[in-house]
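Below is one structure, written out as structure tokens; the observations come after it.
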Amino acid sequence: MRQFIMDYKQFSARLAKGIENGFGGPIRACVMKAPFFDFLEVAIDVPDNKGKIASYCQRINIRCFYERHLSGEPLGGIMESLMRELEDIFGGHALEAKIKVIEDLHVYEKISSRLFIRMQPYGASNLKDVALRRVGDMAMVLNVLADNTPKSKTSLKIPLSILHEWGLGKDMAIDRALETSCKMFPPRLIAKELYEQGTIRIDERYDFLSSSRFKLQKSQIETYTLTNADGLDGASSIFYPMAARKIQMIFKEDYYILPASVNELTLRPASSMTVSFARGMAAVACVNPKLAEDEFLSSQLYKYISAKDSIQAI
């Protein structure tokens, strides 16, 4: 008897619910879409040996699991293999390794090369007592990268209390993390229509900051996508050192910035659109039904103003 085939949204929701029900402990799971892969975001609260609690966030590429479902594999078997994968991440020695990262947080030199910035909506419930910088209705959140593979990504938000142990001010810590973010996740600037085709490799040719091979491909709709090499958490790349100004030099004019999601920004040269049209774009993006809750970043429109070398809400 042929099994019922769920659509992708139903399947993803079943996986998330199955993890929360089956794994046990203080674990949360939700689906997060990204430009190149869809991820299952799994978070777990982990205590260190001092009794302090930190929340680990693990992202797992679930597209491959859905392909197995389409091929007829029973959901139970898929869940079993996913749970084994989570056990490898959160169980036994793997959990001990993550606790070790938490312990290393107290020594800046041990984790400085793994600090990066992830954008989130300012005021999000999980940002209490976390090191961040507000930009309009967005927050630049300080994170440490535990691991990053084609299948998963683990990160941990940095508590404000840790900064005191480092002897660093918040702004200095975030500025340094932007530098390491640029090294770990180089930026990519590409014509939006090419990016959305999903058939080209977004490689170093699109690194406008450091690649000698970069050459802007003219967008027929005068709209561009800014992200990073992973296509995940790419919205922060506009804040990399010199990135915003370099884009202005490429466009040869100021430009509007629409935070399409935490993963990418939509850019458009100022001469190609009116403010009212730009605000209309922002309003449409805010009610985008395809945008998952954890992908949403901003309800505002921004503009890079070269005379002030700043990004401002419009």
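Considering each of Tyr255, Tyr195, Tyr224 in turn, give the residue that is over 21 Å from the mean Cα position of the chain (by Cα), more than 16 Å from Arg118 (Cα to Cα) and hydroxyl-bearing (Ser, Thr, Tyr).
Values: Tyr195 fails: over 21 Å from the mean Cα position of the chain (by Cα); Tyr224 fails: over 21 Å from the mean Cα position of the chain (by Cα).
Only one candidate qualifies: Tyr255.
Any residue at all in the range 158-178 that's at positive phi and modelled with pLDDT of 90 or more?
First, pick out the residues of the range 158-178 that are at positive phi: 167.
Okay, now just the ones that are also modelled with pLDDT of 90 or more, so 167.
The answer is yes, given that some residue of the range 158-178 is at positive phi and modelled with pLDDT of 90 or more.
Among (1) basic (Lys, Arg); (2) crowded, with 16+ Cβ neighbours inside 10 Å; (3) at pLDDT below 85, where does Lys290 come up short?
Lys290 satisfies every listed condition except (2).
Under 6 Å between Cβ atoms, which residue pairs at least 6 apart in sequence (or on different chains) link something in the range 117-134 that is closer than 20 Å to Asp175 by Cα and not assigned by TED's automatic domain parsing to the domain that holds Ala177 with a partner that is part of a helix (DSSP H, G or I) and at pLDDT below 95?
Final answer for the pair search is none.
Got a number for residues in the range 246-272 being outside any loop (DSSP other than H, G, I, E, B) and closer than 13 Å to Thr225 by Cβ?
Pass one, the range 246-272, residues outside any loop (DSSP other than H, G, I, E, B): 246-251, 255-261, 264-272.
Remaining after also requiring closer than 13 Å to Thr225 by Cβ: 247, 255, 257-261, 264-268.
So the count comes out to 12.
Taking Ala260, is it modelled with pLDDT of 90 or more and among the hydrophobic types (A, V, I, L, M, F, W, C)?
Numbers: modelled with pLDDT of 90 or more: no; among the hydrophobic types (A, V, I, L, M, F, W, C): yes.
So Ala260 does not fit the description; no.
In this structure, is Ser298 at pLDDT 75 or above and not in a helix (DSSP H, G or I)?
When the stated conditions are applied, Ser298 passes them.
Find all pairs meeting these conditions: Cβ atoms under 8 angstrom apart; at least six residues apart or on different chains; first residue within the range 198-217 and within 14 Å of Ile247 (Cβ to Cβ); second residue modelled with pLDDT of 85 or more and surrounded by fewer than 14 Cβ atoms within 10 Å (Cβ to Cβ).
Leu209/Met242
Hey, does the range 188-196 have a residue that's surrounded by fewer than 18 Cβ atoms within 10 Å (Cβ to Cβ), at pLDDT below 90, over 24 Å from Gln300 (Cα atoms) and assigned by TED's automatic domain parsing to the domain that holds Lys308?
Among the residues of the range 188-196, at least one is surrounded by fewer than 18 Cβ atoms within 10 Å (Cβ to Cβ), at pLDDT below 90, over 24 Å from Gln300 (Cα atoms) and assigned by TED's automatic domain parsing to the domain that holds Lys308, which makes the answer yes.
The values are calculated or read from the model by the stated rules, or taken from the named source; none is laboratory data. Every value quoted in this text rests on a predicted model; they were computed, and no experiment measured them. Don't worry about glycine lacking a Cβ; one is built from the backbone with ideal geometry, like all the others, and counts go over all protein chains shown.
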